[in-house]
Structure formats: structure tokens, C-alpha cells
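Data first, discussion second: the structure below is written as C-alpha cells.
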Amino acid sequence: MNRQISRGSFIKGLAAGTVAGYFVSSGVTSTVFKDTIVKKPNQTKTNIGECKSVKITCISETSWFYNKKLLENIKAAGGALASQYEVPWAQSGVEQGYKGSNSGGFATLVDVEQMDGTHKKILLDTGWNVEWMDDRFKAEGIDRMLKNNEIEFLMISHDHIDHYWGLESTLRHKPDITMVIPNTFHKDSYRFMEGAEFPKAFTKNSIPFRGKLVKHDTGKLYPLFPGVAAACFGAPCGLQIFGEQALVFNIAGKGAATVTGCCHMGIISLLEYIKNNVSGGEKIYGVYGGLHISPYEDWDPQYDDLVLSIPRYKVEKLGCNHCTGYITVEKMLAAGIPIIKGTARNKSQRDIYLGNGDTLVF
């Protein structure tokens, strides 16, 4: 891509299309693919109802512990177009990692308070390293909630390694949990669900899934509970993974909020979709999750324009982590974006954003 692209052209690109592969590898992903990923707004917005509040608990945002090692693994396997099931991911020798392994995981507990005071809990993603996720589940009480049938379903944002390969950590407590996935799952991701092992990638699922499987089509909005919906996008994610879904909320008296996994569809595309297609989406109150902007700290000056485009949505609470680079968050803070900071514990490296064990309420 021409690095001399003008500021005006870049901002225009946030609402128009360009080449997907560049953004998958660069970390901006498909934010500029609005015409491809985000369809034209419906003439009638979808009324998903209202909920009273949403409490978010970060179970694990540390999907990997050392950027350099992760990138070395991908490069050695042939680059970002290789299958994640064919990459020999580092399992030892990583000083910053969990018992030497570079794999961690991403998982979030979403607790929705309905208008009548009842609660609906959703587990968004299930991590990567099963041993790490077992520890994090125990620390946050997720194991107990699963055993007690307190969690309505497991929603997989997308089937990347760090969001999906810890599946065993969920299934050991509730093998028949309902699982909600994008309909674009990789063929090997279905095999993994059924109990397959992939020795080359050092991953397996020893507990076959026995629950109800719900598939969401890309380009559609699926109401789940009053005030809660899933929006599914046809976004390129890299490593032969395609498609991602995010949670969307309409919070009474506050406006819309969203919880993402990686946001490969692009944060601007997601916010535009909510604004144009969800009743109450005219006001974006809160954002939480991975934003996939410069996740490997490979900042490009063009990304400044992306950061500067966020304030126009007047978000009141932005709790980012995971694949949001630290440089990105520093830029957001400098731009006056209301970033919610964390506590830098449980192997989360900095308090600049929400880490493992931190909570946020919308």
C-alpha cells in the first residue's frame, strides 16, 4: 500500500473498501472494508430491546506472552496465509510465558442484568493454553459457574488459536454447553470440536463437544436476550480463519455498547454497523475487547488517523486489551479517548488497559 496516501484518503477509506490482506498483516485488519464487511444500513433498524447493565470480567487477555516468538512461529510456517493447525507454536523456552509456553488465551465473562433484575451470563471465547485457562477459570469462578449451569452459552467470536483452542477448559465442566459460532469455521475447527488432535501445532481437544451448536451467518444481526444481540461479519482474520462476531447491547438510559474478541472487522466498521442497524445505536456508550490495531507494536503513522476517528463516536467508556497494541492505547490516551485502565496483575503486563481479573461495568 502506498505510504504516501493522504490523510483525507485514509479517513475516506474508513468508510470505503481497499485490499484486505494488507490490513490482516498490519494490524488495522479490515477496518477500511466497510462496503465489503458492513452492508448498507437497513431502512428499519433492529429493535433488540433494552437491558439494565452489563458487567464484563476479563478472564484472560494474554493470548500470547511474547510478540517476537509468535511472529517467528508464523514466519517459519510460511506466513499469515498458513493454516494455524500447521504452525508449530512455541511450547517451551519463553521466559515471559506460562511455564515456558508462549500460548495463553482470550476469554471474557459477560454478565447482563435484565430490566427485571435477572441475569444472563455469556462466556465469550475460551482461550488457548488449556492449563493456563484452567487456572484462570478457577481464579474467576468460571469452573463453578459452568458446573452450576449459570452460563447460558459459550460464544466463539472466531476460531483463532487464542480464542478457541482452550475449548477443553470449558468442556471439562460442561461438555453439553450450547456453543454459538460464525458459520465460517475452518474445517479443522470442526474436527477440533469433535475431539481431534493436531500434533504439529501442539494442540488437541480431549473432550468432544456434546451440546447444541448454533451457527450465525455473516452479515446478520441475531437478537439473543432483551438488549443483547450478536453481529456476525465476513472479516478476513489470517491463518486461514475467516469471519468474526461481536456482542452488541442496548443499555437503558445509556446507549449502545459492544464487546469484541479481536475486532478483525475493524472498530470503525463495527461502530458504524451498530449506529446504522441497531435501535439505540446512535449513541455508542461503551466498547470492550481487542481492537486489533498494531497488536505487534508495529506502528504506522497512518494509524494515527484511525485513532483520531474514534472520538467522533463520543464513546464514554473504552476498555481495550489483548490485540490492541500498547502504542495504540498510548495514542488513544493522548487523543483524550476515555480509556479504562486496569491493575496489571495475573501476568497482564501493564495497567494501561484492562487485564486479567479486571472488571468493567456498562
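The values are calculated or read from the model by the stated rules, or taken from the named source; none is laboratory data. For clarity, every value in this text was computed on a predicted model and none was experimentally measured. So basically every Cβ, Gly included, is an ideal-geometry build from the backbone, and we count neighbours across all protein chains shown. Just the protein is used for accessible areas: all its heavy atoms, side chains included, with ligands, DNA and RNA removed. Shrake-Rupley method; radii C 1.70, N 1.55, O 1.52, S 1.80 Å.
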- A 1.4 Å probe over the protein heavy atoms gives the chain a carbon and sulfur accessible-area percentage of 50
- Place the peptides 116-125, 208-217 in order of packing, highest mean first, counting for every residue the other Cβ atoms within 10 Å and averaging per peptide. 116-125, 208-217
- Item | Eligible aspartates and glutamates near LYS120 by straight Cα distance, threshold 15 Å, same-chain separation 8 or greater | GLU50, ASP111, GLU150, GLU152
- Query: If you line up the Cα atoms of segment 244-362 on their principal axes, what length do they span on each, largest first, in Å?
  - Reply: 37, 33, 28
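Listed highest first by mean packing, meaning other Cβ atoms within 10 Å per residue, what order do 81-90, 51-60 come in?
Highest-to-lowest ranking by the protection proxy: 51-60, 81-90.
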- Query: How much accessible area per residue does segment 253-332 have, in Å², with a 1.4 Å probe?
  - Reply: 25
- Which residues in segment 96-123 have a backbone N closer than 19 Å to a point placed 7 Å from the Cα of LYS75 along the Cα-to-Cβ line? 96, 102-103
- Honestly segment 121-267 on the Cα gyration tensor test (a ≥ b ≥ c root eigenvalues; a/c under 1.5 rounded, otherwise a/b vs b/c for prolate or oblate) is just oblate
- Query: So what's the chain giving for Rg/Rh, alpha carbon basis, Kirkwood Rh from the mean inverse pair distance?
  - Reply: 0.93
- Query: In whole angstrom, how far apart do the alpha carbon centroids of segment 60-91 and segment 236-251 sit?
  - Reply: 20
- Query: For the peptides 276-285, 138-147, what is the packing order when you average, over each peptide's residues, the other Cβ atoms within 10 Å and list the highest mean first?
  - Reply: 276-285, 138-147
- Using a 1.4 Å probe, what is the accessible area per residue for segment 75-132, in Å²? 39
